[in-house]
Amino acid sequence: MKTFKQLVAEHAKHVTELMPWDLEAKLNQHGHSPLLLDIREPAEFAAMHIKDSINVPRGILESACDYDYYETVPELVKARDQEIIILCRSGNRSVMAASTMQEMGYSNTASLKTGLKGWNDYNQSLVNNDANIVDAEIAEEFLNPEIKPKQINPQ
């Protein structure tokens, strides 16, 4: 049996991971526009996300990446050779998504290491669904939820 951390570490060996400053540099390159794919749940995305990112929840990623499904996202299907930066809260789900997309033939995927938590810590802006900038302290609270006692391994 493998834990989630073990699965992520195993898949991370085969996935490119970018730090927040690497993503900032890419986004500031003139004429360079990677597809920003946020794989968090819709409510997470609505609360805050990186401007111009698209939301495809991890749970429907595979069918969103192919034609002939209700979940198909044509922009994503057509991006198999485009640079895609995958985003999540902490950088774990995005590693798993990048690995899956590579298996599906996507040739230029990367995961934002540290996720939106690291992006916010690096003082980069996040916006809500109304395109308003989210206060960094509010983002900090939202992106770092408290683990409840019943969620902690009793060992």
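The values are calculated or read from the model by the stated rules, or taken from the named source; none is laboratory data. Quantities reported herein were computed from a predicted structural model and do not represent experimental measurements. Backbone-built Cβ (ideal geometry, glycine too); neighbour counts: all protein chains shown. Only protein heavy atoms, including side chains, enter the accessible area calculation; ligands, DNA and RNA are left aside. Shrake-Rupley method; radii C 1.70, N 1.55, O 1.52, S 1.80 Å.
Selection of region 82-115 for residues being free of Cβ contacts under 8 Å to residues at least 60 places away in the same chain and small (G, A, S) yields S90, S94, G105, S107, G115.
To keep it simple, each residue is scored yes or no on (1) in contact with a helix residue (DSSP H, G or I) (Cβ under 7 Å, 6 or more places away or on another chain); (2) more than 26 Å from N128 (Cβ to Cβ).
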residue: K13; (1), (2): no, yes
residue: P20; (1), (2): yes, no
residue: A43; (1), (2): no, no
residue: A47; (1), (2): yes, no
residue: I50; (1), (2): yes, no
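Check I147, I133, I152 and return the single one that is open to solvent by 40 Å² or more (accessible area, probe 1.4 Å), free of Cβ contacts under 8 Å to residues at least 12 places away in the same chain and closer than 22 Å to D22 by Cα. Answer to the check: I133. Inside region 121-155, residues that are assigned to a helix (DSSP H, G or I) and touching a helix residue (DSSP H, G or I) at 6+ places or on another chain (Cβ under 8 Å) make up a count of 6.
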